[in-house]
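Note sheet for the following structure.
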Amino acid sequence: MIFCLRKLILASGALALSSCIQFEREIIQYRHVPSTDELRMTLQYEGISGGKASPRRQAEEQHSPKTLSPQQIAQFESVLKGGRAFFFENWIFEYDRSSIRETLRKLKASELKPDDLTVGEPEKNFLHATLEDIELNNLGFYLDETHRLCGKQTIVIKEFSKFLKLTNETIRRQVPYNLERQREKEGSPSKETIALLSNACNDKHDFLIVEKGHLVVRVPLAKREYLEFKRKVLDENSNPAKPSNKGLPPEIKVTYENQILTLVLGDGKHGNVSLTKKCHPGYSDNALEYLRENHSKLLLDETKITSAAKRFLTGGD
């Protein structure tokens, strides 16, 4: 159901999926602070580089894989300017303030009429909240013990209870709309799952909640859809002999009971909760060389960045 939010946030089509800046692994840590009604989060990107384009793309762009392409430079610069973050290389979604602003502008000017989602006041309120209640900051870049380029960002969502309410309201509106559009298509959900989801939305079911400091996703699903999810996603994590970047972060606890798929996002009994995911294999120094040549002041000492991230996570009380 998070996919519905991803489509809404990226409705203006600002997402680039090929020949872009990549990273080998990402670690997300978060902490829910009830006393200040905040969600605090750090995003750690390990092994940052410009991804390989297809041979045809390389020929079109006329650049060597040892350097960043114009498209990769534009994406890298947009991150440096601030307001852009990546959640497991778009496994959940990409947060891009400029894209959200452009979406709201187009909606106001009636220039955006996407076919696969419905947009009303709740959706607009949600998009406004992603701008007004989310603060994103770059802590800087550093080299790890293997001399790979890494970086960290911080995110705080203020008035988190209100943000959760808007998020669930938006999901409850988007799900029935998308189900109706998929009803007659090949691979559409079973009638049982459609009924479960429709009833849940009518009953004001919360798809995203906070429980004991953890973010929890709860999706009504018939057994057929759960088994499909298990085959396509969960089984990717089950074979340690075949490491994969397609499965869920290993710290996510998944249960299926009473036709509800529940995902507890992260591991950590007290304080900070962590999520780790392999993203793209294959590291290159092309982004590091670009940073050294054009933004050398942003390359900092790892201990300073780590200390700043720890102070941020423990703040708010």
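Each peptide in 282-289, 250-257 was scored by the mean count of other Cβ atoms within 10 Å over its residues; highest first, the order is 282-289, 250-257. Counting protein heavy atoms only, region 136-264 has 49 percent of its accessible area on carbon and sulfur, 1.4 angstrom probe. Straight-distance candidates among the lysines for linking to Lys191, with alpha-carbon spacing under 29 Å and chain neighbours fewer than 8 residues away dropped: Lys7, Lys113, Lys165, Lys204, Lys223, Lys230, Lys232, Lys246, Lys253.
For Lys162, a cut-off of 17 angstrom between C-alpha atoms picks up these aspartates and glutamates, skipping any fewer than 8 places away in its own chain: Asp37, Glu38, Glu121, Glu123, Glu132, Asp133, Glu135, Asp206, Glu211. Placing unit charges on the Cβ atoms only, positive for Lys and Arg and negative for Asp and Glu, gives region 122-250 a dipole magnitude near 340 debye about its Cα centre. With every protein chain in place and a 1.4 angstrom probe, the accessible-area ranking of Thr314, Thr67, Thr306, largest first, reads Thr314, Thr67, Thr306.
What shape does region 127-279 have by the C-alpha gyration tensor, where a ≥ b ≥ c are the square roots of the eigenvalues, rounded means a/c under 1.5, and otherwise prolate means a/b greater than b/c and oblate the rest?
oblate
Label-to-label distance, Lys81 versus Lys191, with points set 7 angstrom from Cα along the beta-carbon direction: 5.2 nm. Counting 0.36 nm for each residue step from Asn258 to Asn294 and taking away their Cα separation leaves a gain of 7.4 nm. Shown is the FRET efficiency for Tyr177 and Glu135, computed with R0 = 35 Å from the Cβ-Cβ distance and rounded to the nearest 0.05: 0.70. Label separation (Lys106 vs Val210): 3.2 nm, computed from points 7 Å beyond Cα along the C-beta direction. Neighbours of Val216 by Cβ distance under 11 Å: Lys/Arg scored +1, Asp/Glu scored -1, total +1.
The values are calculated or read from the model by the stated rules, or taken from the named source; none is laboratory data. Nothing here was measured: the structure is a model prediction, and the numbers come from that model. Cβ: placed from backbone, ideal geometry, glycine included. Neighbour counts: every protein chain shown. The accessibility values were calculated without ligands, DNA or RNA, using every heavy atom of the protein model including side chains. Shrake-Rupley method; radii C 1.70, N 1.55, O 1.52, S 1.80 Å.
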